[in-house]
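Asks: Please see the structure below; I have some questions.
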Amino acid sequence: MNCMVSFIILNYNTPDITAQCVQSIETFYGNEDYEIIIVDNHSEQANYERLVQLNQGRHQIIRSKLNTGFGLGNMLGAEQASGDYLCFLNSDVQLVEDCITPLVEYLSTHSEVGVITPQQYRPNGNS
């Protein structure tokens with residue numbers, strides 16, 4: 001089973017944190033068939049330019065002309081996604097292991113499930 005996942009990350013004035021989120025996906029996601037779409041929710045110009053610099057053209061960046069909030073910002077990314085599954089991440093999320101592959105495997109074999117999430121931990125390691 002090889003399903004493509006579209007990671008959609010909403011950024012608002014957090015280019016360094018967003019870059020850490022992207023790096024964690026690149027480090028820990030076990031499947032090579034994925035895309036990362038970063039939606040910049042109308043950050044200040046300097047923060048947007050820093051995001052572009054950190055990204056180095058590796059992943060798609062969509063810049064919203066307005067700060068449309070969390071829901072619509074994510075939908076801007078979803079409209080551009082080509083994956084079999086969409087994974088919405090806040091920019092401050094960091095994977096510490098490949099928690100996505102088991103979720104994709106579960107979704108692939110349980111068509112009655114529409115939404116799924118991994119265990120989430122605080123920075124101190126507590127859930």
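Asks: Which value, in debye to the nearest 20, describes the size of the charge dipole of the chain about its Cα centre when Lys and Arg Cβ atoms bear +1, Asp and Glu Cβ atoms bear -1, and nothing else is charged?
Replies: In debye, rounded to 20, the chain gives about 400.
Asks: Calculate, in nm to one decimal, what Asp98 and Ser24 gain on full extension: separation in residues at 0.36 nm each, minus their alpha carbon distance.
Replies: 25.7 nm
Asks: So how much slack lies between Met75 and Asp33, counting 0.36 nm per residue of separation and subtracting their Cα-Cα distance, in nm?
Replies: Full extension of this stretch gives 13.0 nm more.
Asks: Tally up the carbon and sulfur contribution to the accessible surface of the chain as a whole percent, 1.4 Å probe, everything protein left in place.
Replies: 50
Asks: Same structure, new question: Arranged from highest to lowest average of other beta-carbon atoms within 10 Å per residue, in what order do the peptides 68-81, 35-48 appear?
Replies: By packing density, highest mean first, the sequence is 35-48, 68-81.
Asks: Under a 1.4 Å probe, what is the accessible area of the chain per residue, stated in Å²?
Replies: 60
Asks: In degrees between 0 and 90, to the nearest 10, how far off the longest principal axis of the chain does helix 100-109 point, with axes built from Cα atoms?
Replies: Around 50 degrees separate the two axes.
Asks: Here's a follow-up. According to a simple spin-label model (label point 7 Å from Cα along Cα-to-Cβ), what is the distance in nm between Gln53 and Arg122?
Replies: According to this spin-label approximation, the distance is 3.4 nm.
Asks: Hey, another quick one. Heavy atoms only, probe 1.4 angstrom, no DNA, RNA or ligands counted: give me Arg58, Arg50, Arg122 ranked by accessible area, highest first.
Replies: Ranking Arg58, Arg50, Arg122 by accessible area, largest first, yields Arg122, Arg58, Arg50.
Asks: Compute the signed sum of charges (Lys and Arg +1, Asp and Glu -1) over the other residues within less than 13 Å, Cβ to Cβ, of Leu86.
Replies: Taking every other residue near Leu86 into account, the sum is -3.
The values are calculated or read from the model by the stated rules, or taken from the named source; none is laboratory data. Treat the numbers as computed from the prediction; the structure is a model and nothing was measured. Virtual Cβ from ideal backbone geometry, glycine too; neighbours counted across all protein chains shown. Surface accessibility is based on the protein's heavy atoms, side chains included, excluding ligands, DNA and RNA. Shrake-Rupley method; radii C 1.70, N 1.55, O 1.52, S 1.80 Å.
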